[in-house]
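The structure appears right after this line, and notes come after that.
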Amino acid sequence: MFWCVLHNSILTKDILIIRGTAVDPLCSTCSLLEESISHAFLHCPHALQLWFEVLKPRPGCYSLILTSDSVEELLIAWPKAIGLHLGKGLWEHLPYAVIWTLSENTK
């Protein structure tokens, strides 16, 4: 699943439109912006709510979600953002768990 996210292989509406399918481009979840992988996993209000909840103990990391243009950019920047502290292993895996959860909710 992560390979699909990182290689734009998930059939979000922007990909369907590029492939010639006539669909409403707005996000199926929020109907506010065009649906894309980065919108679905990072910037959709539904995704942002989940990120906000899981990042409450580390509010400084939330800005990384808001400023990342892609999931790949987030995953590259994540290790530096979490730093070294007790529980680092858990925090290292957090973005993968959130992305997986969001993908399961869109099925």
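At a glance:
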read-out	value
Whether the range 1-48 is rounded, prolate or oblate, judged on the alpha carbon gyration tensor where a/c under 1.5 counts as rounded	oblate
Residues THR12, THR101, THR29 arranged by fewest to most Cβ contacts within 10 Å	THR101, THR29, THR12
Computed E for ILE18/LYS56 - FRET, C-beta separation, R0 25 angstrom, nearest 0.05	0.10
Extension reserve of the THR101-LEU11 stretch, reckoned as 0.36 nm per residue once the Cα distance is removed	30.7 nm
Taking the range 1-46 and dividing mean pair separation by its residue count, relative contact order in percent (alpha carbons under 8 Å, at least six apart)	30 percent
Value of relative contact order over the chain, rounded to a whole percent, pairs C-alpha under 8 Å and six or more apart	20 percent
Among LEU32, LEU64, LEU74: highest mean-square fluctuation, GNM of the chain, C-alpha pairs under 10 Å	LEU32
GNM top mover of GLY83, GLY20, GLY60 - the chain, alpha-carbon springs below 10 Å	GLY20
Gyration tensor (alpha-carbon) shape descriptor, the chain, a/c threshold 1.5	prolate
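Read-outs throughout are calculated quantities, based only on the coordinates presented, and are distinct from any laboratory measurement. None of the values given here were measured: they were computed from a predicted structure. Cβ atoms come from the backbone with ideal geometry, glycine included; neighbour counts cover every protein chain shown.
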